[in-house]
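Derivation of every value follows stated rules applied to the coordinates shown; laboratory data play no part. None of these values were measured; they are calculated from a predicted model. Neighbour counts run over all protein chains shown; Cβ positions are idealised from the backbone, glycine included.
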Amino acid sequence: MMAAGGGAARGGGAAATTTGTGTSFRRSGGSRLAAVPGTRPALRHGRLLLSCGVPSLDCVLGGGLAVGTLLLIEEDKYGVYSSLLLKYFLAEGVVCGHDLFVASAQDPPANILKELPAPLLDDNFKTERVEATAAKSEDCQDSMQIAWRYQNAPKVETSPTTSIKFGHYYDVSKKMSPELLQSIKWHSFFLPDELPLEPKLKMCNMNCGYARLLQSIQSVIYQEGFDGSHPQKKRKNILRIGIQSLGSLLWDDDICSTSTPEDIHSITKFLYVLRGLLRKSLSACIITMPSHLMENKAIMERVTNLSDMVVGLESFIGSERETNPLYKDYHGLLHVHQIPRLNSLICDVSDTKDLAFRLKRKQFTVERLHLPPDLSDTVSRSSKQDLAESAKLLSSGCGAMAIGKKHLDF
């Protein structure tokens, strides 16, 4: 007993209590993360994670979006799916009870919130999964033409998943109820209403619109107590910041219209200051940016370096892949350009690099890209020419194979 007590005294970081014949130790003074609804601690770096609204995308990003970080989404050509991901992010905040900050220069923030998808209940989600699985199995049975011996092989999970349930699912065919939107607090920034009528002047060597946006975000973080300097009135909460189409012409920025913009460092200064605000507050931000319109690639490289996570969307709309039967099950490709290294020397790298997304009847999912085998009975003219040329090379090399014959002649 004395030896046990002395060991505990020398350790200083653990306390011992003897019960019966056993001794139990507990760590004293251990630091705990703040219990915030809608978050969970990461196993690798210990930071708080929140869901971006798409569970399969959370798995690709290392479990979710870390509090105090910035996720940059490179918009697809027509901005259809990037705006949908932004709405998923905001809808997840509504369900979790987080505060929202919506900034846009194109659509009024109130209209964006009205178009948020409705959350799926657990019972409805299970029913949808069962129906989708049954329909998929029927299609596989009808279309099975080859490889009958692989029917009993274990199924490969196409969508990245984890054993920990995190995040919610949403029905894009339905809109969120106004009662649910009224239960949370949200702030808005609409650029046409914020800019003055007098000639626009640069503030802090920055675009006037960007400077006004930073002032608005900073005031919300400080006044609502998200920075931690002033205790929040109620319980601790998260501020979700969503910015739509940053860098476009509507933000009075010419980086998307010319290769030599007037102020080449305006957007990089904005991101630098924004990351400083995010790092010292309970907040997370998602920005969509039309990177495909930027002619100066050096600016996009700087923007990527100033972001924590960068994800690109490549839509099949209007491209040759839209009618290609190989990609008939998908609506576009997902490119993960950057994953943050938080409190560690390595980052959470996904086990697969080929990712695609598709918009099902009611849900947006990210899946591993699986191309089907070529089941056609006829061979195209180009493939015939390629086979003929390769056969000529083989016959000239060894002199033993004749073109069009199946067996070797000795």
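Miscellaneous remarks
- Extent along the principal axes, Cα only, for segment 220-306: 48, 18, 18 Å, with the longest axis given first.
- Convex hull per residue volume in Å³, alpha carbons only, for segment 210-355: 160
- Cross-link check: pairs Lys165/Lys362; Lys269/Lys297; Lys165/Lys236; Lys328/Lys353; Lys175/Lys280 evaluated at a Cα-Cα cut-off of 25 Å; pairs beyond the cut-off: Lys175/Lys280.
- GluC sites (Glu not before Pro) restricted to segment 259-365 and DSSP loop, no more than 16 other C-beta within 10 Å: Glu262, Glu295
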